[in-house]
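**Q** Below is one structure. I have some questions about it.
Only the coordinates and a few stated rules stand behind these numbers; no lab work does. What you see is a predicted model, and the numbers here were worked out from it, not measured in a lab. As a convention, Cβ positions derive from the backbone with ideal geometry for all residues, glycine included, and neighbour counts pool all protein chains shown.
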Amino acid sequence: MKLEVLDATTIQQIHEASLSILETVGVCIHHEGMLDRLAGAGAAIDTAEHRAALPGDLVERAVSSAAKQHVLYGRNPERRAEFGQGRPNAMSSAGQFAWFDVATRSRREPHIDDLRRGIRVGHHLPSIDVVGAMVSPAEVPTAIRDVVVHYELLSGTDKPIAGWVRNGASARTIIDMM
């Protein structure tokens, strides 16, 4: 039995609405090189707003040319998430800004120990294919938080990982760590 949550007409309406939003509202991108590339591909660029309006045909071409399958590997090559290969993947969340503390029955800022526990749980659960950072530890300065989070991910699991990256400098540091 095939489960259909949305019928084909509704799916088409969502698709057309998405294309309209991408063309009229656009996407905010703070990378000049990427804006230049999008302009070259046919996007309308608002340099003051760092916004690219993506025409529907540009989006359709990009989607049709994208790879339909890819593999995300962990430090251990045996640990991988295969996308587009008929198998679902599960990921633990990649960075919550608040944590619910069962002991105090209240919401609080997460800490580095919460991050480490979340990584251990994701590492040991066989149903989790990609380990996310789970939390964004409040005591770590914002300027280096993403680097520290990725260090903890790389230290705490050999599965594929997911987390947020703040900027190009952080990305370079994280790539160097990998």
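**Q** So who's got an amide H within less than 5 Å of the one on Ile161, skipping anything under 5 residues away but keeping other chains? H placed 1.01 Å off N, in plane.
**A** Here Val131 satisfy the definition.
**Q** Now a separate question. Provide the per-residue ³J(HN,Hα) series for the stretch 133-146, in order, calculated from phi with Karplus coefficients 6.51, -1.76, 1.60 and θ = phi - 60°, each as a whole number of Hz, with x at glycine and proline positions.
**A** 5, 6, 9, 10, x, 5, 7, 8, x, 3, 4, 10, 4, 5
**Q** Given charges of +1 on the Cβ of Lys and Arg and -1 on the Cβ of Asp and Glu, with all other atoms neutral, how large is the dipole of the chain about its Cα centre, in debye to the nearest 20?
**A** 660
**Q** In whole Hz, what ³J(HN,Hα) sequence does the stretch 33-50 give by Karplus (6.51, -1.76, 1.60; θ = phi - 60°), x for Gly and Pro?
**A** These are the phi-based 3J(HN,Hα) values: x, 5, 4, 4, 5, 5, 4, x, 8, x, 7, 8, 10, 9, 5, 5, 9, 6 Hz.
**Q** Further question: Given Gly42, Ala53, Val148, which one lies farthest toward the positive end of the charge dipole of the stretch 40-155, if we put +1 on the Cβ of every Lys and Arg and -1 on the Cβ of every Asp and Glu?
**A** Result: Val148, furthest along the dipole toward the positive end.
**Q** What percentages make up the Cα-Cα pair-distance distribution of the stretch 21-178 when the bins are 10 Å wide from 0?
**A** Per 10 Å bin, starting at zero, the Cα-Cα P(r) for the stretch 21-178 comes out as 10, 28, 29, 26, 7, 0 percent.
**Q** For the stretch 62-178, what does the relative contact order come out to in percent, with C-alpha contacts under 8 Å and a separation of six or more?
**A** Value for the stretch 62-178: 27 percent.
**Q** Which Cα, out of Ile29, Thr9, Ala171, lies furthest along the positive dipole direction of the chain (beta carbon charges, K/R +1, D/E -1)?
**A** Checked the options; the winner is Ala171.
**Q** Under the 0.36 nm per residue contour assumption, what length would be gained going from the current alpha-carbon distance of Arg37 and Ala66 to full extension?
**A** Gain in length upon complete extension: 8.8 nm.
**Q** Please identify which residues in the stretch 114-143 have an amide N closer than 13 Å to a label point set 7 Å out from the Cα of Ala103, following the Cα→Cβ vector.
**A** Zone members listed by number: 114.
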